[in-house]
Amino acid sequence: MKSFDISLKSINDVKDFVNIVNKYDFDVDLSSGRYIVDAKSIMGIFSLDLSKPIKVEIQNDDCEKFCDEIKRFVV
């Protein structure tokens, strides 16, 4: 498992992030405060407070390619 913080500043950022996450078979969770949502759910992401950094938890150890694709969102 790997975790770090990301920032999604616009609707296009959320859309691009969800498109990237959906290409992978492993689970990715996003958490903000006490809320945890599936990163593959665009509606779930919009339920979070996007004005603050969001914690990403990747449920797979072999995720280097995924991490490279989302590095523009990492804070």
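The values are calculated or read from the model by the stated rules, or taken from the named source; none is laboratory data. Keep in mind that what you see is a predicted model, and the values were worked out from it rather than measured. Cβ atoms come from the backbone with ideal geometry, glycine included; neighbour counts cover every protein chain shown. Calculation scope for accessible area: heavy atoms of the full protein, side chains included, ligands and nucleic acids excluded. Shrake-Rupley method; radii C 1.70, N 1.55, O 1.52, S 1.80 Å.
For this structure, a couple of remarks:
- Charge tally in the Cβ shell below 12 Å around residue 17, where Lys, Arg are +1 and Asp, Glu are -1, residue 17 excluded: +3
- Dipole in debye (nearest 20) - the chain, about Cα centre, beta carbon charges: Lys, Arg +1; Asp, Glu -1: 340 debye
- Solvent-accessible area of residue 43 with every protein chain in place, 1.4 Å probe, in Å² to the nearest 10: 140 Å²
- For the chain, the longest principal axis of the alpha carbon atoms and the long axis of helix 11-21 meet at an angle near 20°.
- The chain, accessible surface, carbon-and-sulfur percent (1.4 angstrom probe): 49 percent
- Per-residue 3J(HN,Hα) values for the stretch 31-48, derived from phi via the Karplus relation 6.51 cos²θ - 1.76 cosθ + 1.60 with θ = phi - 60°, read 9, 9, x, 9, 9, 10, 10, 6, 5, 8, 9, 5, 5, x, 5, 5, 7, 8 Hz in sequence order (x marks Gly and Pro).
- Note on residue 55 and residue 10: the extension gain reaches 14.5 nm, defined as 0.36 nm multiplied by sequence separation minus the Cα-Cα distance.
- Accessible surface, per residue, of the chain when the full set of protein chains is kept, probe 1.4 Å, Å²: 63 Å²
- Lysine pairs with alpha-carbon atoms under 20 Å apart, the chain, spacing 8 or more or separate chains: 27
- The residue among 11, 54, 24 whose Cα reaches farthest toward the positive pole of the charge dipole of the chain, with charges on the beta-carbon of Lys, Arg, Asp and Glu, is 11.
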